[in-house]
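Here's the structure, in structure tokens; my notes come after.
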Amino acid sequence: MKIESTGFTAADLAHYSDELADHERLVLARRLEKASERLLELAPRVEGSTGEAEGWNAREVLAHISVLSKFYGMLTYKIGSGQMTELDLLGGVQLRDVLGEQLSKEDPTILVERAVADHRRTIEYLRSADAASMRRECVLDGGRTVMRAGDVAREALIGHLEMHVEQLAKALG
């Protein structure tokens, strides 16, 4: 193995860090695409489903997916673009859940279309953002927590979405 670190400069380390962040950003876009594709596969079975998983029926899971896709996709973009630097996350999550409850009464086809459209916008953003954008931070809940745009995309949006897509699959049997 060639030892190259002895010649590294701070600029080389920064460049390497950017390469890793860019790689992660593209992996996140692919994960979001895959979760969105799985959602599209499951969606036609939601109407008329009576199954439940973890206390939620399929329509409730789908409504939650629709809301979280909009909410966390928007946060990823707004934090990454520098438009948002502070957020009352707890208040936002509480509003998100009220909206999800209301949306659970809507046509599943519309819920899926909205979620997939939100995924497409976020995927486009992830593919176009740079490493610095993904590192931009937002102070949450009066300074108790800080989240980067990349963290919101990876955990709050994509990881959360993947969990609920699996929950939807279980509810559908």
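None of the figures in this text is laboratory data; all of them are computed from the coordinates on show. Worth saying up front: this structure is predicted, and the values here are computed from it rather than measured. When we count neighbours, we look across all protein chains shown, and the Cβ atoms used for this are built from the backbone with ideal geometry, even at glycine.
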Please arrange 34, 2, 105 by counting, for each residue, the other beta carbons lying within 10 Å of its beta carbon, fewest first.
2, 105, 34
Going by how many other beta carbons lie within 10 Å of each one, how would you line up 6, 50, 109, 76, fewest first?
6, 50, 109, 76
Which percentage, to the nearest 5, of the DSSP beta bridges contained in the chain is antiparallel?
75 percent
Per GNM of the chain with C-alpha springs under 10 angstrom, the most fluctuating residue out of 120, 96, 144 is 144
Can you tell me what percent of all Cα-Cα pairs in the chain are more than 23 Å apart?
45 percent
Sorted by Cβ neighbour density within 10 Å, fewest at the top, the residues 119, 164, 15
15, 164, 119
When the Karplus curve 6.51 cos²θ - 1.76 cosθ + 1.60 is applied with θ = phi - 60°, which whole-Hz ³J(HN,Hα) does each residue of the range 106-116 get, with x for Gly and Pro?
7, 4, x, 4, 5, 4, 5, 4, 4, 4, 5
Can you list the aspartates and glutamates whose alpha carbon sits under 19 Å from that of residue 170, skipping same-chain ones fewer than 8 residues off?
37, 41, 47, 52, 54, 60, 162
On Cα atoms only, tilt of 160-172 relative to the major axis of the chain in degrees
30 degrees
Phi to ³J(HN,Hα) by Karplus 6.51 cos²θ - 1.76 cosθ + 1.60 over the range 84-101, Hz, x for Gly, Pro:
10, 10, 9, 7, 8, 4, 4, x, x, 5, 5, 5, 4, 5, 4, 5, x, 4
